[in-house]
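Colleague: This is the structure I have questions about; it appears just below.
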There are 2 protein chains.
Amino acid sequence: MTASRVLREEGGYSEKTRLTVMAEVERLGYLPNRIATVFSGDRSTTFVGVSIPDLGNEVFTHVLEGIDRKLVSFNHQTVLGMTQHELGEEENWIETVLSWKPAGLILTGRAHTPRAVQLLQSANIPLVEIWDLNSSPIDMSVGLNHFDSGYDMGRFLLSKGYARFGYVGTSHDAANAATSRLNGYAKAIEDGGGKLTRQLCLNDIPGFYPGFYGTEQLLSSDPDVEVIFFQNDNMAIGAVHFCQAQNIRIPEDIGIAGWGELPIASVLPYRLTTVQVNHLRIGQLAAENLLLKISGDTASAVSDVGFRLVPGDTV
Amino acid sequence: MTASRVLREEGGYSEKTRLTVMAEVERLGYLPNRIATVFSGDRSTTFVGVSIPDLGNEVFTHVLEGIDRKLVSFNHQTVLGMTQHELGEEENWIETVLSWKPAGLILTGRAHTPRAVQLLQSANIPLVEIWDLNSSPIDMSVGLNHFDSGYDMGRFLLSKGYARFGYVGTSHDAANAATSRLNGYAKAIEDGGGKLTRQLCLNDIPGFYPGFYGTEQLLSSDPDVEVIFFQNDNMAIGAVHFCQAQNIRIPEDIGIAGWGELPIASVLPYRLTTVQVNHLRIGQLAAENLLLKISGDTASAVSDVGFRLVPGDTV
DNA sequence: CGGAGTTGAGTTACCGGTAACGTAGGACTA
DNA sequence: TAGTCCTACGTTACCGGTAACTCAACTCCG
């Protein structure tokens with residue numbers, strides 16, 4: 001008991017005793033068993049479960065980096081959960097990770113299975129839903145309004161005089177956020193009197209190559225499309241390369257718009273029309289709010305990090 | 001006790017009892033406390049600590065994805081550790097994560113602090129060192145020989161007739177592997193009678209933009225360089241874009257070589273000279289070997305996944 | 001039909017911390 | 001000098017599972 005007090009620096013021991021204890025710690029190479037501590041007090045671990053759809057998407061690795069950096073600086077650890085864009089996978093992961101008594105959870109997306117929601121509520125631990133802003137979160141939400149970002153892009157393209165619109169995305173739709181963007185985009189086009197002639201949903205991950213062949217597919221089936229909005233920058237860059245290879249001029253023959261502003265944009269010889277989002281900030285803010293709740297403070301339930309439309313040379 | 005037996009499907013109970021127990025489980029919404037299980041038997045958790053230098057580097061996110069997918073399919077979870085390329089950070093993380101009784105560890109790199117090695121040895125749990133192959137690992141090693149890959153690139157470039165060589169890398173050198181590549185490259189050049197006129201080490205992350213301005217720096221200080229080997233493909237692609245912007249012809253005026261074959265290569269209008277490495281495979285194999293050891297089987301101590309030099313159009 | 005073996009279920013103790021409480025002995029006060 | 005308080009340290013019990021053991025009831029067989 002005295003040793004326990006010394007190691008926790010709780011006070012109630014003499015300097016002489018402290019030295020004796022520390023000497024024994026040194027001699028035995030003693031490492032505390034944190035499992036026992038958690039068990040004894042029915043406390044939480046210092047684990048924070050973080051679910052993301054997949055790691056292939058650069059956007060989420062930035063979010064994850066923001067989360068982990070912040071957590072580590074407050075002596076917490078990230079337990080990873082890759083949901084593969086499947087709510088069922090997420091539910092299984094939530095059940096498993098909860099049995100390990102995490103200090104909190106960060107989930108990507110606002111959609112969960114009913115049982116997952118029930119598990120989360122009865123676990124009653126701090127929770128942040130990130131990415132697509134949830135105005136009535138289970139506990140807390142950090143992200144941006146994807147519908148609005150799609151809507152703004154639609155309006156911007158309309159203002160540039162386009163009338164026939166296309167969209168290319170994939171079924172790897174992180175937490176339905178890309179679908180929200182598409183819905184916003186479609187709504188803007190409808191409101192503005194344009195025509196969304198074709199929307200393509202590839203069964204692939206949203207990377208460079210799907211952007212490349214997705215553009216080929218879309219243009220061959222609908223050559224009159226004037227501008228294409230892509231699920232993200234990587235796909236848009238793939239599209240630009242396809243157009244260059246086919247001698248299709250941008251923006252004279254076709255307009256290209258991406259989403260997310262990824263690092264590669266900094267070295268491209270053209271300025272991609274895109275939507276800038278501070279991914280790292282989403283992760284940091286989510287972790288910050290979670291840590292506040294964990295330490296018993298209050299944190300804002302809804303944090304909108306916003307977005308910024310970047311008009312480039314590609315439309 | 002009977003409930004415990006039912007839930008573990010251990011046998012030694014009647015069907016009638018099983019149903020009674022399961023009904024109570026349902027009624028109470030009972031979730032087992034895995035912490036107690038670990039504590040009771042002085043067992044391990046199902047956590048596997050995975051340390052990687054940083055998440056900004058696409059290469060490691062692929063490795064991590066390979067690891068996590070495999071672990072999840074065997075009911076284990078990844079506990080992330082970002083070491084920021086600092087052995088001290090790694091040591092701190094190892095100490096923390098060990099106190100949570102992980103089932104095993106996967107560490108990127110073969111270099112560790114003496115105290116870290118001591119902690120790892122006394123923890124006596126399955127351990128895989130990945131990335132730069134360690135022929136005498138603490139426990140197991142999965143990766144490739146980075147020195148050899150650099151050496152092969154050097155020899156290949158010599159065979160193309162180059163005589164004045166450059167190198168551009170960064171101080172974010174994941175587990176010293178890039179330095180091994182540089183050493184191999186330098187050795188090949190020396191052996192072949194070429195000249196490594198300049199090696200640049202930028203204080204930045206090895207991304208597109210550092211490749212861009214690193215090339216500018218190197219060429220302005222040493223305009224006679226004939227070919228440049230980059231730390232990775234992203235930097236090499238940044239270099240290609242710099243050359244395009246400056247109307248420097250590739251490969252006529254300068255040769256460019258990358259390393260790692262990243263996804264963007266698939267849509268480039270040219271074929272980048274690079275070294276192909278199966279990053280996902282490294283992660284999968286590391287997790288596989290670790291899980292074998294965890295379940296009490298034996299696994300090979302050293303697994304070389306190899307590499308393949310890809311002669312492209314850029315030299 | 002009695003003894004041996006089997007089956008299903010209960011009892012006890014333990015893992016390693018820590019909360020809560022107990023207590024000896026010194027200091028301080030009225 | 002007796003009573004009170006404080007400090008430093010010790011004792012006990014408990015968290016929730018499970019290993020190891022016990023035991024009653026039933027089965028099986030010569």
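No value in this document is a laboratory result; all are computed from the given coordinates. Small disclaimer: the values here were computed from a predicted structure and weren't measured. A quick note on method: Cβ atoms are made from the backbone with ideal geometry, for glycine too, and the neighbour counts reach across all protein chains shown.
Colleague: Could you tell me, in Å, what Rg and Dmax come out for the Cα atoms of chain A?
Modeller: Cα-based Rg and Dmax for chain A come out at 24.3, 85 Å.
Colleague: Please give the charge dipole size of region B:163-315, origin at the Cα centre, charges +1 on K and R Cβ atoms and -1 on D and E Cβ atoms. Round to the nearest 20 debye.
Modeller: Charge dipole, region B:163-315, about its Cα centre: 160 debye, nearest 20.
Colleague: Could you give the size of the charge dipole of chain A about its Cα centre, using +1 on the Cβ of each K and R and -1 on the Cβ of each D and E, expressed in debye and rounded to the nearest 20?
Modeller: That gives a dipole near 720 debye.
Colleague: Given labels modelled 7 Å from the Cα in the Cβ direction, how far is it in nm from B:ALA245 to A:ARG5?
Modeller: Taking the simple label geometry, B:ALA245 and A:ARG5 are separated by 6.6 nm.
Colleague: Follow-up. Cα gyration tensor of region B:129-173, axes a ≥ b ≥ c as square roots of the eigenvalues: rounded (a/c below 1.5), prolate (a/b > b/c) or oblate?
Modeller: The shape class here is oblate.
Colleague: Enter the mean projected area of the convex hull around the alpha-carbon atoms of region A:1-137, in nm², rounded to one decimal.
Modeller: 10.7 nm²
Colleague: Further question: Measuring label to label, 7 Å along Cα→Cβ, what does B:PHE74 give against each other copy in nm, shortest first?
Modeller: 3.4
Colleague: Sticking with this structure for a sec: With +1 on each Lys and Arg Cβ and -1 on each Asp and Glu Cβ, how big is the dipole of region A:68-170 about its Cα centre, in debye rounded to the nearest 20?
Modeller: 360 debye
Colleague: How do A:TRP131, B:TRP100 line up, fewest other C-beta atoms within 10 Å first?
Modeller: Final ranking by Cβ density, sparse to dense: B:TRP100, A:TRP131.
Colleague: If R₀ is 30 angstrom, what is the calculated FRET efficiency for the pair B:ALA111 and B:SER220, using the beta carbon separation as r and rounding to 0.05?
Modeller: Between B:ALA111 and B:SER220 the formula returns 0.30.
Colleague: Report relative contact order for region B:139-246 in percent, whole number only (criteria: Cα-Cα under 8 Å, sequence separation at least 6).
Modeller: Reported relative contact order: 32 percent.
Colleague: Oh, and also: Note the distances from A:THR37 to each other copy's matching label point, with points 7 Å along the Cα-to-beta-carbon direction, in nm, sorted shortest first.
Modeller: 2.4
Colleague: Return one number: the angle in degrees, 0 to 90 and rounded to the nearest 10, between the long axis of the Cα atoms of helix A:177-191 and the longest principal axis of the Cα atoms of chain A.
Modeller: Tilt relative to chain A: about 30 degrees.
Colleague: Reachable lysines from A:LYS101, Cα under 24 Å, same-chain residues fewer than 8 places away excluded?
Modeller: A:LYS70, A:LYS293, B:LYS70, B:LYS101
Colleague: Still on this structure, please answer the following. Using only C-alpha atoms and all pairs of different ones, pull out the Kirkwood radius for region A:63-151 in Å with one decimal.
Modeller: Final number for the Kirkwood radius of region A:63-151 is 13.8 Å.
Colleague: Among A:CYS201, A:CYS243, which comes first, then next, by fewest other beta-carbon atoms within 10 Å?
Modeller: Exposure proxy ranking, most exposed first: A:CYS201, A:CYS243.
Colleague: Moving on. Taking springs between alpha-carbon atoms closer than 10 angstrom, which of A:ASN134, A:ASN57, A:ASN232 fluctuates most in the Gaussian network model of chain A?
Modeller: In this elastic network of chain A, the residue with the biggest mean-square fluctuation among A:ASN134, A:ASN57, A:ASN232 is A:ASN57.
Colleague: Could you work out the relative contact order of chain B? I mean the mean sequence separation of Cα pairs under 8 Å and 6+ apart, divided by the number of residues, in percent.
Modeller: Computed value for chain B: 18 percent relative contact order.
Colleague: Can you give the FRET efficiency to the nearest 0.05 for B:ARG43 and A:VAL302, using r as the Cβ-Cβ distance and R₀ = 45 Å?
Modeller: After rounding to 0.05, the efficiency reads 0.65.
Colleague: So, one more: Rg/Rh for region B:101-149: what does it come to with C-alpha atoms and Rh from Kirkwood?
Modeller: The Rg/Rh ratio comes out at 0.99.
Colleague: What span do the alpha-carbon atoms of region B:131-244 cover on each of the three principal axes, reported in whole Å from largest to smallest?
Modeller: For region B:131-244, the Cα extents along the three principal axes come out at 46, 31, 18 Å.
Colleague: In what order do A:LEU98, A:LEU127 fall by count of nearby beta-carbon atoms within 10 Å, going from fewest to most?
Modeller: In order of increasing Cβ crowding within 10 Å: A:LEU98, A:LEU127.
Colleague: Related question: Which of B:GLU58, B:GLU15, B:GLU226 ends up with the largest GNM mean-square fluctuation for chain B, with Cα atoms connected below 10 Å?
Modeller: It is B:GLU15.
Colleague: Give the Rg (one decimal place) followed by the Dmax (whole number) of region B:158-202, computed from C-alpha coordinates and expressed in Å.
Modeller: Looking at region B:158-202, its Cα Rg and Dmax stand at 11.0, 32 Å.
Colleague: In addition: To test your reading of the geometry: what angle, between 0 and 90 degrees and rounded to tens, separates the Cα axis of helix A:279-294 from the longest principal axis of chain A?
Modeller: With both axes taken from Cα atoms, the answer is about 30 degrees.
Colleague: Would you work out if the protein assembly as shown is rounded, prolate or oblate? Take a ≥ b ≥ c from the square roots of the eigenvalues of the alpha-carbon gyration tensor; rounded if a/c is under 1.5, else prolate when a/b is larger than b/c, oblate otherwise.
Modeller: Verdict is oblate for the protein assembly as shown.
Colleague: Another question, then. For peptide B:202-212, what's the mean number of Cβ atoms from other chains within 10 Å of each residue's Cβ?
Modeller: If you average over the peptide's residues, the count of other-chain Cβ atoms is 2.
Colleague: Quick check on region A:26-88: what does the Kirkwood estimate of hydrodynamic radius come out to from the alpha carbon pairs, in Å?
Modeller: 14.0 Å
Colleague: Of the options A:ASN134, A:MET153, A:GLN118, report the single residue whose Cα projects farthest towards the positive end of the charge dipole of region A:101-164 (beta-carbon charges: Lys, Arg +1; Asp, Glu -1).
Modeller: A:MET153
Colleague: Against the longest principal axis of chain A, how steep is helix A:87-98, in degrees 0 to 90 to the nearest 10, with axes from Cα atoms?
Modeller: Taking Cα atoms only, the helix is inclined about 10 degrees.
Colleague: Separation of region A:121-200 and region A:270-300 by C-alpha centroid, Å?
Modeller: 18 Å
Colleague: State, to one decimal in nm, how far the label point of A:LEU309 lies from the label point of B:ASN124, with both points 7 Å from Cα in the Cβ direction.
Modeller: 6.5 nm
Colleague: Under 17 Å from a point placed 7 Å out from the Cα of B:GLU252 along the Cα-to-Cβ direction: which residues of region B:292-313 have their backbone N that close?
Modeller: From region B:292-313, the list is B:313.
Colleague: Right, something else. Note the distances from B:SER135 to each other copy's matching label point, with points 7 Å along the Cα-to-beta-carbon direction, in nm, sorted shortest first.
Modeller: 6.5
Colleague: Below 8 Å between Cα atoms, with a sequence gap of 6+, how large is the relative contact order for region B:1-103 in percent?
Modeller: 27 percent
Colleague: For region A:1-46 and region B:38-86, what is the centre-to-centre distance using only Cα atoms, to the nearest Å?
Modeller: Each part's Cα centre sits 28 Å from the other's.
Colleague: Could I ask something else about it? Which is the longest part of chain B that has none of the trypsin sites (Lys or Arg not before Pro) sitting in a DSSP loop with at most 15 other Cβ atoms within 10 Å?
Modeller: No qualifying site falls inside B:44-159, the longest such stretch.
Colleague: Considering region A:177-315, what Rg and Dmax in Å follow from its alpha-carbon atoms?
Modeller: Over region A:177-315's Cα set, Rg and Dmax evaluate to 17.7, 60 Å.
Colleague: Here's a follow-up. Among B:THR215, B:VAL50, B:THR274, whose Cα lies farthest out toward the positive end of the dipole of chain B, if unit charges sit on the beta carbon of Lys, Arg (+1) and Asp, Glu (-1)?
Modeller: B:VAL50
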